[in-house]
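See structure below.
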Amino acid sequence: MKQEDSKNSRRDFVKTAAVAAASFMIVPRHVLGGKGFVAPSDKLLIAGVGVGGKGQSDLTGFAKNPKAEIAFLCDVDDRRAANSVKAFPKAKYYKDWREMFDKERRHFDAVSVSTPDHNHAIVALAAMRRRKHVYVQKPLTHDIYEARILTEAAKKYKVVTQMGNQGSSSDGSRSITEWYAAGLIGEVHTVYCWTNRPIWPQGIPWPAAKSEVPKELDWDLWLGTAPRTEYVDKLVPFNWRGWWEYGTGAIGDMGCHMVDVPFKTLGLTYATDVDCSVGSVYLDQGKRGYFPDSCPPSSHVTMTINSSKQASPVRLHWMDGGIQPDRPVELGPEERFGDGGNGVLFIGSKGKLLCDAYGRNPRLLPLSKMDDLNVPETLARVPGQEVGHYTQWVDASIAGYGKMELSSDFSISGPLTEALLVGNLAIRAYDIQVSVANSTNFQYPGRNRKFLWDSDNMKVTNFDLANQFVKREYREGWKVKGLE
């Protein structure tokens, strides 16, 4: 047989074999290759980064969808990862997500990110640049700049995204949008969102005592983008939320759940100004504590935010640390205000609307207005509501970019996160300390002022010192292309 005939025969054989094989099996996407290609019956292979605590419950949520498979686990703390390792015994385990991405990038389709806030952006962007779909716990990012970059990256890399504010998939949040669209409360001019958090220490000095790093924890990996510092007890696994280097305080923790409701209902976009007041801690008579590394024990942030659904902007109030707005006169003396610790109150030209955390239990005020309420459902509901938030992302990821609507993709959760972090910018600017010339005294020029925010350029235009909180400098060795 001639050499050319031999080549043709081999080609014919390969072609015939491939057609025959396709008739009875579907080759997995990671074998076929090709950006964004997912075979119709494929499972979504998920890699979890941060798999203890909330990360564990996220993976459990995905696994409720039979199309999902937890393929890889990654956590810097073996203690926290133990339950997920037990629950998903077939998943390969790593400590360093960078190693996992390098070695296994062809063997997973999507990434779930549930690390502390300060490492969200680098993991998510690294995944998106590899064309992996991403689910990121709230808040989406630690910094304003990071939120903008992730929002743009989702469109650039055409990946399916979702933030972990599961109340965004609740029936209640959709009912509120329908009631507003029906004109029941008129044009909304003011919204109050409040929470009883923090439930972790804030307004405290950094611990002086250093401790031995637990053998199960890789402290350097946990620090990630943050400056190198000695390990201290009780920072891991939860209390990091109260420290600016790692967390974003109560507004980062609960704001994505509470503010999401008015954000979507009213079509809110970007803040134009922000001001705040914060709670104080006194160490002695007349001696106010100064702890700029720690979030304050309570805060009240007020922002003006433009709306795409009405002509006038909205004044949005955020309150934490147990602070609440005035109780509406329309609310009866025995009727609960929000859910007791959290709530959202819309005040419009025609009436008021109240709901609990996650958009649950919406009701018009006074409650007697609920008796004859009859507003048609115009918005599709998410099966399973808050649990469905996870399975919705799995289905959308398999369908492919742009094929399904999601409750909190980055086009929604990115601007929401930015607005919340602009609130944190004001809170942090409150503690900016400037020395007084020829004196041991200090001034605090960030207090008792309104900050004018230029959202296009991501900067405060009337107080430049506050702009240091728009973007951090990452620790050497932790920079990711696109977030330099």
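The values are calculated or read from the model by the stated rules, or taken from the named source; none is laboratory data. Predicted model only: the values in this text are computed from it and were never measured. Here the Cβ positions follow ideal geometry from the backbone for every residue, glycine too, while neighbour counts run over all protein chains shown. We work out accessible area using only protein heavy atoms, side chains counted, and drop any ligands, DNA or RNA first. Shrake-Rupley method; radii C 1.70, N 1.55, O 1.52, S 1.80 Å.
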Residue 267 at pLDDT 95 or above, at positive phi and more than 23 Å from the chain's Cα centre (by Cα): no
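Table: residues versus (1) open to solvent by less than 20 Å² (accessible area, probe 1.4 Å); (2) at pLDDT 95 or above; (3) closer than 14 Å to residue 394 by Cβ.
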position	(1), (2), (3)
60	no, yes, yes
68	yes, yes, yes
90	no, yes, no
95	no, yes, no
98	no, yes, no
Considering the stretch 435-463 alone, what residues qualify as being surrounded by 12 or more Cβ atoms within 10 Å (Cβ to Cβ) and of a type in the set (A, V, I, L, M)? 452, 458, 460
Output yes when any residue across the stretch 395-404 is in a loop (DSSP other than H, G, I, E, B) and either touching a Cys at 6+ places or on another chain (Cβ under 9 Å) or among the acidic types (Asp, Glu) (or both), and no when none is. no
Residue check for residue 79: free of Cβ contacts under 8 Å to residues at least 40 places away in the same chain, open to solvent by 30 Å² or more (accessible area, probe 1.4 Å) and part of a helix (DSSP H, G or I): no
Mind listing just one residue for me: the one in the stretch 295-319 that is small (Gly, Ala, Ser) and not in a strand (DSSP E or B) and, of those, nearest to residue 193 (Cα to Cα)? 298
Given the conditions (1) of a type in the set (Gly, Ala, Ser); (2) touching a His at 6+ places or on another chain (Cβ under 6 Å); (3) closer than 20 Å to residue 270 by Cβ, which single one is not true for residue 397? (3)
When you scan the stretch 371-384, do you find a residue that is modelled with pLDDT of 95 or more, on the phi > 0 side of the Ramachandran plot and in contact with a helix residue (DSSP H, G or I) (Cβ under 7 Å, 6 or more places away or on another chain), even just one? yes
What about residue 177, is it open to solvent by less than 20 Å² (accessible area, probe 1.4 Å), modelled with pLDDT of 95 or more and touching a helix residue (DSSP H, G or I) at 6+ places or on another chain (Cβ under 8 Å)? no
So residue 156 clears everything in (1) open to solvent by 10 Å² or more (accessible area, probe 1.4 Å); (2) in a loop (DSSP other than H, G, I, E, B) except one condition, right? Which one? (2)
Which numbered condition residue 383 misses (of (1) over 30 Å from residue 124 (Cβ atoms); (2) assigned to a loop (DSSP other than H, G, I, E, B)): (1)
Any residue in the stretch 352-380 that is in contact (Cβ under 8 Å) with a residue 24 or more places away in the chain and within 19 Å of residue 334 (Cα to Cα) sitting within a Cβ distance under 8 Å of a residue that is open to solvent by 50 Å² or more (accessible area, probe 1.4 Å) and outside any loop (DSSP other than H, G, I, E, B)? List the pairs, counting only those 6 or more apart or interchain. 364/370
Of the residues in the stretch 295-350, those that are surrounded by 21 or more Cβ atoms within 10 Å (Cβ to Cβ) and acidic (Asp, Glu) come to 320
Looking only at the stretch 150-179, count every residue that is under 20 Å from residue 309 (Cβ atoms) and free of Cβ contacts under 8 Å to residues at least 40 places away in the same chain and tell me the total. 0
Taking only pairs six or more apart or across chains, which ones have beta-carbon atoms under 6 Å, a first residue in the stretch 304-326 that is free of Cβ contacts under 8 Å to residues at least 12 places away in the same chain, and a second residue that is open to solvent by 50 Å² or more (accessible area, probe 1.4 Å)? none
Considering residues of the stretch 415-434 that are closer than 25 Å to residue 320 by Cα and among the β-branched types (Val, Ile, Thr) only, the residue surrounded by the fewest Cβ atoms within 10 Å (Cβ to Cβ): 432
Hey, does the stretch 101-119 have a residue that's under 16 Å from the mean Cα position of the chain (by Cα), of a type in the set (Val, Ile, Thr), on the phi < 0 side of the Ramachandran plot and part of a loop (DSSP other than H, G, I, E, B)? yes
Within the stretch 380-410, the count of residues that are exposed (fewer than 13 other Cβ atoms within 10 Å of the Cβ) and within 19 Å of residue 174 (Cα to Cα) comes to 3
Search the stretch 105-153 for residues being more than 19 Å from residue 55 (Cβ to Cβ) and of a type in the set (Gly, Ala, Ser), and hand back the single one that is surrounded by the most Cβ atoms within 10 Å (Cβ to Cβ). 147
In the list 298, 280, 312, which residue meets the criterion of being among the hydroxyl-bearing types (Ser, Thr, Tyr) and under 30 Å from residue 183 (Cβ atoms)? 312
